[in-house]
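The values are calculated or read from the model by the stated rules, or taken from the named source; none is laboratory data. Remember, it's a predicted structure, so these values are computed and weren't measured experimentally. Positions of Cβ are backbone-derived with ideal geometry, glycine not excepted, and every protein chain shown enters the neighbour counts. Note: accessible area is taken over every heavy atom of the protein model, side chains too, but ligands, DNA and RNA are not part of it. Shrake-Rupley method; radii C 1.70, N 1.55, O 1.52, S 1.80 Å.
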Amino acid sequence: MTALHNSQDNKKGHTSMQPEIEKESNKRGRGRPKGATSSTLADVRSQAADEKRKIRDELTQKVTQLRSQFDEMDANYKEEVRELREALKASEQREAFFRSALEERLHVVAEHIHKSLTDWATAELEEGQITQRKRGRPRKTFK
């Protein structure tokens, strides 16, 4: 019976080894790709080319979008840096102006204090009497 069984399998073109080979060939990726709906190889290739084209178009669109966002952000960054540099320059000019005004005011105050102290010392000397001691030496204190 086994010989009759083997002869019938040979007539059909099946051997006990063939189903294993077909399973291995599917594992290696031969035949129709997974998910392909058409049965001919040309249709499968055209589907793959269409999908590849769609993916490329989507990625190109995303790259273009990201590039435009980058350019916009770069322009905003440059504008902000320019504005900050102008603000820094204005504050440095303002600081220099305040420093010069403060220095000038400091000189005026210093001159006024010097003049006041000099006038006070002169007035004190005029007010005080230094009398001569014997033998022509002046006193050490005011009277």
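A few points about this structure:
- Net length gained if the chain between M73 and A87 were fully extended (0.36 nm per residue, minus Cα distance): 3.0 nm
- Hits among aspartates and glutamates - C-alpha to C-alpha of K115 under 19 Å, sequence gap 8 or more where chains match: E103, E104, E124, E126, E127
- I55 accessible area, 1.4 Å probe, all protein chains in place, Å² to nearest 10: 90
- For the pair V109 and T64 in one chain, pulling the backbone fully straight at 0.36 nm per residue adds 9.6 nm over the alpha carbon distance.
- Mean Cβ count within 10 Å, highest first, over the residues of peptides 84-94, 42-52: 42-52, 84-94
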